[in-house]
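J.: Mind looking over this structure? Questions follow.
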Amino acid sequence: MLEGVKSSCAWNGRPGGALGSDDAKQWCIPWGYEQNNLTYDAGVFKKAGLSVPKNMDELVDTAAAAGKAMDGGYGIGVRGSRSWATIHPGFLSGYANFGQKDLNVSGDGMLSAAMNTDVSKKFHAQWVKMIQDSGAPDWSTHTWYQVGADLGAGKSAMMFDADILGYFMNGPGNAMAGELAFAPFAANPEAAGPTPNIWIWSLAMSSYSKKKDAAWYFLQWATGPEHALFGATQMDFVNPVRKSVWADAGFRDKLSSSYPGYVDMHDSSAPGASIKFTAQPLFFDLTTEWAATLQKMVANEVPVDEGLDMLAESVDRQLKEAGLG
């Protein structure tokens, strides 16, 4: 299996413990996953003479130029609802590419906020400007569904979100079916490659199961290479987690024929793909507050620097109250 995916499903159970550490337990078996990269309207890019952006500076500029080339649309789709899910996709993928983390973990296992560094503040400022200049007018309501639907309907020129969401929008039933293309994205021009945060669908067995042998055989079949290859080549299974499936010529040809750039995007991103969040029990509370702070920045209710300092102070307080900081 792809190492970053498998390791992201293993944890030692301690808050702040690194995923995939030597003492980690494999809690589940990955079955499918998604990376966060760029999907774009190839026709708009060609019409406007735009190149695919290679870093954060270029993404901000390209989104603005693409928005101007749209007939009543906007430049780039990213999530914006008051939810942990707004931090999870493109935002965290770009953020991590600059070596930034959500939390610091001290030598004694204590946690503290890590999102108010100088590098983080610069990234946030660029992200906020991109949304203000080129994002959806109703960005603060956008979830996975709105981001994907707008791209599939031709209302946005590109999105920085799940690659499989772009895959679905390029399929039958969408106005932009067959018109979308895919590209890897490394926000940091000095990074060795993309570092997409990922979402994983996995299978596990309940400890209360009365049919553990049968359940284990089912898990082996469902996550095995034969079933994954069948799903990928004969059905619409994306993204498989098996290296052997990604090496299959038939699967690669199938993707390349209808989803331009998808294979190269995956190949260049897979080595850096993993869950970037720190494993800890206040995950939903802290990331939802992070998303709320991002909304305030975009609405010009609070400056980026001040907003991140306030967020970090709140995060540290909550961690200490929970005995984690």
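The values are calculated or read from the model by the stated rules, or taken from the named source; none is laboratory data. As the structure is a prediction and not an experimental result, all values here were calculated from the model. Cβ: placed from backbone, ideal geometry, glycine included. Neighbour counts: every protein chain shown. Surface accessibility is based on the protein's heavy atoms, side chains included, excluding ligands, DNA and RNA. Shrake-Rupley method; radii C 1.70, N 1.55, O 1.52, S 1.80 Å.
J.: Quick check, is Ala85 among the aliphatic types (A, V, I, L, M) and touching a strand residue (DSSP E or B) at 6+ places or on another chain (Cβ under 9 Å)? It would help to see each step written out before you state the result.
T.: Numbers: among the aliphatic types (A, V, I, L, M): yes; touching a strand residue (DSSP E or B) at 6+ places or on another chain (Cβ under 9 Å): no.
No.
Let's see how each residue does on (1) part of a helix (DSSP H, G or I); (2) closer than 24 Å to Val5 by Cβ; (3) of a type in the set (Phe, Trp, Tyr); (4) open to solvent by 40 Å² or more (accessible area, probe 1.4 Å):
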site	(1), (2), (3), (4)
Phe251	yes, yes, yes, no
Ser257	yes, no, no, yes
Thr287	yes, yes, no, no
Trp290	yes, no, yes, no
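J.: Next question. Is segment 206-229 home to any residue that is under 23 Å from Asp102 (Cα atoms), among the aliphatic types (A, V, I, L, M) and in contact with a helix residue (DSSP H, G or I) (Cβ under 8 Å, 6 or more places away or on another chain)? Break it down stepwise before answering.
T.: Step one: of segment 206-229, the residues under 23 Å from Asp102 (Cα atoms) are none.
No, that holds for no residue.
J.: Now a separate question. Output the residues belonging to segment 16-54 that are open to solvent by 20 Å² or more (accessible area, probe 1.4 Å) and farther than 29 Å from Val78 by Cβ.
T.: Across segment 16-54, the qualifying residues are Ser21, Asp22, Asp23, Ala24, Lys25, Gln26, Trp27, Ile29.
J.: Just wondering, is there one or more residues in segment 260-276 that are within 14 Å of Met115 (Cβ to Cβ), open to solvent by less than 70 Å² (accessible area, probe 1.4 Å) and at pLDDT 95 or above?
T.: Applying the first criterion (within 14 Å of Met115 (Cβ to Cβ)) to segment 260-276 yields 276.
After this cut, where a residue has to be open to solvent by less than 70 Å² (accessible area, probe 1.4 Å) as well, the list is 276.
Right, trim to at pLDDT 95 or above and you get 276.
For segment 260-276, residues within 14 Å of Met115 (Cβ to Cβ), open to solvent by less than 70 Å² (accessible area, probe 1.4 Å) and at pLDDT 95 or above: present.
J.: Output the residues belonging to segment 84-120 that are in contact (Cβ under 8 Å) with a residue 24 or more places away in the chain, open to solvent by 30 Å² or more (accessible area, probe 1.4 Å) and either in contact with a Phe, Trp or Tyr (Cβ under 8 Å, 6 or more places away or on another chain) or charged (D, E, K, R) (or both).
T.: Listed by number, the residues that qualify are Trp84, Phe98, Lys101.
J.: If you take just the helices (runs of 4 or more DSSP H) that sit entirely in segment 28-145, which of them hold at least 2 residues that are of a type in the set (Val, Ile, Thr)?
T.: Numbers: elements: 42-48, 56-69, 84-87, 90-97, 118-134.
Answer list for segment 28-145: 56-69, 84-87, 118-134.
J.: Check Asn170, Asn239, Asn174 and return the single one that is within 18 Å of the chain's Cα centre (by Cα), closer than 28 Å to Pro53 by Cα and either crowded, with 19+ Cβ neighbours inside 10 Å or not basic (Lys, Arg) (or both). Step through it out loud before you land on a result.
T.: Values: Asn170 fails: within 18 Å of the chain's Cα centre (by Cα); Asn174 fails: within 18 Å of the chain's Cα centre (by Cα).
After applying the criteria, what remains is Asn239.
J.: Name the residue, out of Ile164, Ile200, that is within 24 Å of Pro271 (Cα to Cα) and either modelled with pLDDT under 95 or touching a Cys at 6+ places or on another chain (Cβ under 8 Å) (or both). Before the answer, list the steps.
T.: Working: Ile164 fails: either modelled with pLDDT under 95 or touching a Cys at 6+ places or on another chain (Cβ under 8 Å) (or both).
Residue meeting the stated conditions: Ile200.
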